[in-house]
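Chemist: Quick one: structure below, then a few questions.
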Amino acid sequence: MPRSAIGRAYRSRVNRRLRARRVRRLVRHVEPWSVLKVSLILYFCAWAIMLFVGVTLWNLAVNSGLVGDVEGFVVELFALESFKINADQIFRIAAVGGLVLVLAASGLTVLGAVLFNLISDITGGVRLTVVEEETARPRPRRARRRVLVAAPPPADQPPGPPPGTAGGGRKQRG
């Protein structure tokens, strides 16, 4: 590859690269209502996932016989006549307790947002540095204009003014 072609390829790649700029932002206020909505949804989703995982693991333990082994071990260890783990009661306690924790955690998160607002009034907020990248691709460079040259007239026609012009082109001053 000739040296000039390598240079042109490198320059075109550099020109196509997106540019980024650093911008400083200041966070001074967090809306408690929006924090409440987001935290309720976040903690509720975590609660639902934990319930699903708990039920799945319980079913796996029952199917593998682990629950029966634990019940037998407890009967032998404490010399009991019988011992059964009540899965329905455990699920209800986990569900209600999880909902109480969702509400408590959301309340604490909103309290944290209110405290942040009070402290940021004193300290001036939190400064963040954000890198903003261009999202649009740069336009490709326009191709150079090509000047079209008229073909010479055929040999059987005498040279004259081009067709479609009246009087043969420019006027001559005298």
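Coordinate-derived values only; no laboratory data. Since the structure is predicted, the reported quantities are computational estimates derived from the model, not experimental observations. Note that we place each Cβ from the backbone using ideal geometry, even for glycine, and neighbour counts take in every protein chain shown.
Chemist: Using a Förster distance of 41 Å, how high is the FRET efficiency between Ser34 and Leu77, based on the Cβ-Cβ distance and rounded to 0.05?
Modeler: FRET efficiency, Ser34 to Leu77: 0.20.
Chemist: Further, regarding this structure: Please turn the phi angles of region 49-63 into ³J(HN,Hα) values with the Karplus equation 6.51 cos²θ - 1.76 cosθ + 1.60 (θ = phi - 60°), one per residue in order, whole Hz, x for glycine and proline.
Modeler: 5, 5, 5, 4, 5, x, 5, 4, 5, 4, 4, 5, 5, 5, 5
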